[in-house]
Amino acid sequence: MPIALITGVTGQDGSYLAEFLLQKGYQVVGMVRRSSTVTYERIEHIQNDLILVQGDLHDQSSLVSILGNYQPDEVYNLAAQSFVATSWNQAVLTGEVTALGVIRLLEAIRLVNPKIRFYQASSSEMFGKAVEVPQRETTPFYPRSPYSVAKVYGHWITVNYRESYNLFTVSGILFNHESPRRGLEFVTRKITDGVARIKLGLAKELLLGNLDTKRDWGFAGEYVEAMWKMLQQEKAEDFVIGTGAAHSVRDFCETAFRYVGLDYHDYVRQDARFMRPADVELLVADCSKARQKLGWSPKVTFEQLVAMMVEADLKRLKDAS
């Protein structure tokens, strides 16, 4: 039975990946940080099937200990301070976890068992002020936030360990991927939660920042299969993962409100508090390499994704009332 270690197992991607790997017959070890509040709701339904261990990307000795004790075949590093807006307020923390956390984990792998296959969660935000459209594996990075700068470090240190120590390390450059498990602080989930609240009479308006930024939005539950496929290849390579279609925040609002029979113009207000110091206008993936070499392509459409998220928020709020 193959063994996989997932850092960030309690997050959106970690929970979907854990489900996927369990279905593949893996023993799944999930690393969780010691915290005064337990945040296991995303993995509650599979918690008894996982081995949960305490560790932290700040603390290399905990990483060495976990690798030594559980001897994983694959490590998926999904843990990070992953919210772009927060990275402006907590820039040093973001660097410590999202950047230096990667090299601590790579060093632990190199010391404990260099045969481990390693997946690094890179981000389309690394392209930032994109120098070409669409963005592919060879597109130069132009990060525009402390988060994306930290992700660039994590990406390049993963490449360096592959080339310098001959480790099997890959980075998946994932474009925005959403789901009903997305955190409420992210704009997509903020929209679907807001739409559900307005529809149920629990709110009267939705305050947002820049409505014109465009992103390539896909379903997180599908993207975790691409992560796994990258580690099954003969050769370690990096891959861009996305849908190839861009939609604006305005499009997302319009689609979400339309799903419940409302017009977004009546409820959405722009608020300067939610504007970023430096914004990224357009990110869209060219994932032809993933289609060709991994045999992976997305199936859930933008409209299906939005509907899935609104539906889940409507159900959650109705159940809570």
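The values are calculated or read from the model by the stated rules, or taken from the named source; none is laboratory data. Please read these numbers as outputs of a predicted model, since none were measured by experiment. Cβ placement follows ideal geometry from the backbone for every residue including glycine, while neighbour counts extend to all protein chains displayed. Surface areas here come from the heavy atoms of the whole protein model, side chains and all, with no ligands, DNA or RNA. Shrake-Rupley method; radii C 1.70, N 1.55, O 1.52, S 1.80 Å.
List of remarks:
- Charge tally in the Cβ shell below 15 Å around VAL9, where Lys, Arg are +1 and Asp, Glu are -1, VAL9 excluded: -3
- Other residues whose C-beta falls under 12 angstrom from the C-beta of TRP296 contribute a net charge of +3, scoring Lys and Arg +1 and Asp and Glu -1.
- Ranked packing of 201-212, 13-24, 282-293, most packed first, by mean Cβ within 10 Å: 13-24, 282-293, 201-212
- Remark: accessible surface ordering of VAL29, VAL187, VAL97 (largest first) is VAL187, VAL97, VAL29, probe radius 1.4 Å.
- If you take all other residues with their beta carbon under 14 Å from the beta carbon of VAL97, and give Lys and Arg +1 and Asp and Glu -1, the sum is 0.
- Extension gain (nm, one decimal) between LEU211 and LYS24, 0.36 nm per residue minus Cα-Cα: 63.3 nm
- Average Cα contact separation per residue, region 202-303, under 8 Å, 6 or more apart, as relative contact order %: 46 percent
- Protection-proxy order for peptides 138-150, 225-237, each taking the mean of Cβ atoms within 10 Å per residue, highest first: 138-150, 225-237
- Percent RCO, i.e. relative contact order, over the chain, from Cα pairs under 8 Å lying at least 6 residues apart: 17 percent
- ASN69-THR39 FRET efficiency (beta carbon distance; Förster radius 22 Å; 0.05 resolution): 0.40
- To the nearest ten degrees, helix 60-70 and the longest principal axis of the Cα atoms of the chain are 70 degrees apart.
- Per-residue packing, averaged as other Cβ atoms within 10 Å, sorts the ranges 119-132, 246-259, 154-167 into the order 119-132, 246-259, 154-167, beginning with the highest.
- Of all beta bridges that DSSP places with both ends in the chain, some 5 percent have antiparallel geometry.
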